[in-house]
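For reference, the structure is listed below as structure tokens.
The values are calculated or read from the model by the stated rules, or taken from the named source; none is laboratory data. This is a predicted model, so every value here is computed, not measured. Don't worry about glycine lacking a Cβ; one is built from the backbone with ideal geometry, like all the others, and counts go over all protein chains shown. For accessibility, only protein heavy atoms count, side chains too; no ligands or nucleic acids. Shrake-Rupley method; radii C 1.70, N 1.55, O 1.52, S 1.80 Å.
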Amino acid sequence: MTSRRFPKRPSPSLESLVERVDQQRPGEVPGDTVPTGFPSIDRILGGGLRRRDLVALGGDIGSGKSALALGLAVRTAQQGTGVALFSGEMDEERLMERALAIEGRATVDELRTAKLNDQTRAGIGGAAVRLRDLPLTTLPLAARDFETAAERLDPLRELGLVVVDYLQLVPSPRGVARSTQDEDLALVLQRLKALALERRVALGAIKQHADLVLGIYREEMYNPGHGVDGATELIVLKNRNGPTGFVDLYFYRRWMRFEDMLDPDR
């Protein structure tokens with residue numbers, strides 16, 4: 001039996017990868033990495049989220065999923081990365097109101113009723129300056145179909161992260177008859193992964209079929225009176241590109257603000 005020989009052709013992807021590894025300096029963040037602005041999260045993820053990955057963030061009702069998603073969006077934008085945030089529950093004004101409260105360490109009620117002392121007012125003023133020119137765009141999730149919602153990304157340039165809050169409100173793909181909730185969810189997740197690949201962004205959603213799955217655990221929700229109020233574990237439940245484990249965060253419930261426990265904000 002004669003064996004057939006196929007000519008060996010160098011893979012463009014392999015050549016590009018080797019070139020990138022050769023040029024990268026030790027400790028330098030790879031170009032396909034999107035830093036989150038939370039030092040502990042970035043350390044366990046090898047520098048941050050990876051472009052083209054579908055990232056799932058899960059947790060029980062009241063655990064702070066939306067607050068952490070918004071915090072990640074703001075902090076990622078503060079690193080100079082373009083971010084788009086799709087919301088199915090709040091319009092742009094409400095989202096920016098919440099972002100201003102988180103950054104200024106105030107409650108939304110304090111902003112709405114103007115009950116601010118001098119220190120808080122100064123904090124809000126500084127937060128407004130920091131938020132004003134961020135590469136952060138908020139977009140409505142409501143649309144007649146998935147493709148219409150996705151087209152809202154077309155005018156945006158140099159995106160690194162797209163956040164979707166939340167998955168159950170993502171419209172079904174165009175031309176697909178609605179079926180069971182699980183089947184709808186599977187189709188939406190497939191399209192979200194395809195979108196992450198097409199746009200070369202890290203795409204944050206909530207649920208399974210993801211490259212990276214993060215879970216929020218706050219002991220006070222399940223074992224009141226024990227542990228430290230606000231202490232939070234962000235658990236890396238699944239990671240196609242690296243280790244699993246957890247990082248310690250702290251949740252200021254009054255402000256709906258998460259901070260890194262080991263590297264707290266000054």
> For the chain, what is the charge dipole size about the Cα centre, in debye to the nearest 20, if Lys and Arg each add +1 at the Cβ and Asp and Glu each add -1 at the Cβ?
Replying inline: 860
>> If you filter the range 58-98 for GluC sites (Glu not before Pro), then keep DSSP loop positions with at most 16 other Cβ within 10 Å, what is left?
In response: Glu89
>> As an exercise, identify the trypsin sites (Lys or Arg not before Pro) in the range 179-209 lying in DSSP coil whose Cβ has no more than 12 other Cβ atoms within 10 Å.
In response: Arg200
> For the range 136-266, what is the charge dipole size about the Cα centre, in debye to the nearest 20, if Lys and Arg each add +1 at the Cβ and Asp and Glu each add -1 at the Cβ?
Replying inline: 380
> What's the angle, to the nearest 10 degrees (0 to 90), between helix 118-132's Cα axis and the longest principal axis of the chain?
Replying inline: 20
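Run the accessible area of the chain with a 1.4 Å probe and give the carbon-and-sulfur part as a rounded percent.
Details: 7810 of 15370 Å².
Reported share for carbon and sulfur atoms: 51 percent.
How much space per residue, in cubic angstrom, does the convex hull of the C-alpha atoms of the chain take up? Write out the running numbers ahead of the final one.
Numbers: hull volume 54.7 nm³, N = 266.
In the chain, the Cα convex hull volume per residue is 205 Å³.
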>> Could you tell me the ratio Rg/Rh of the range 103-230? Both radii from Cα atoms, Rh via Kirkwood.
In response: 1.07
>> Which one, Thr138, Pro155, Gly58, projects farthest toward the positive side of the charge dipole computed for the chain from Cβ point charges (K/R +1, D/E -1)?
In response: Pro155
>> To test your reading of the geometry: what angle, between 0 and 90 degrees and rounded to tens, separates the Cα axis of helix 65-78 from the longest principal axis of the chain?
In response: 80
> Which one of Gly48, Leu195, Asn117 is farthest out on the positive end of the charge dipole of the chain, using unit charges on Cβ (Lys, Arg +1; Asp, Glu -1) and the Cα centre as origin?
Replying inline: Leu195
> Hey, what angle do you get for helix 92-104 against the long axis of the chain, alpha-carbon based, 0 to 90 degrees rounded to 10?
Replying inline: 70
> Relative contact order, percent, of the chain when contacts are C-alpha pairs under 8 Å separated by at least 6 residues?
Replying inline: 25
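Hey, how much of the P(r) for the range 23-100 falls beyond 16 Å, as a percent of Cα pairs? Don't skip to the answer; put the middle values down first.
Details: 1721 of 3003 pairs.
Percent of Cα pairs beyond 16 Å in the range 23-100: 57.
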> Of Trp255, Gly126, Pro39, which is farthest along the charge dipole of the chain in the positive direction, counting Lys and Arg as +1 and Asp and Glu as -1 at C-beta?
Replying inline: Pro39
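At 1.4 Å probe radius, can you tell me the per residue accessible area of the chain in Å²? Don't skip to the end; give the middle numbers.
On the way: 15370 Å² over 266 residues.
Ligands and nucleic acids excluded, the result is 58 Å² per residue.
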> If you place +1 on the Cβ of every Lys and Arg and -1 on the Cβ of every Asp and Glu, how big does the dipole about the Cα centre of the range 88-168 come out, in debye to the nearest 20?
Replying inline: 380
>> I'd like the GluC sites (Glu not before Pro) in the range 113-170 restricted to DSSP loop residues with at most 11 other Cβ atoms within 10 Å, sorted by number.
In response: Glu158
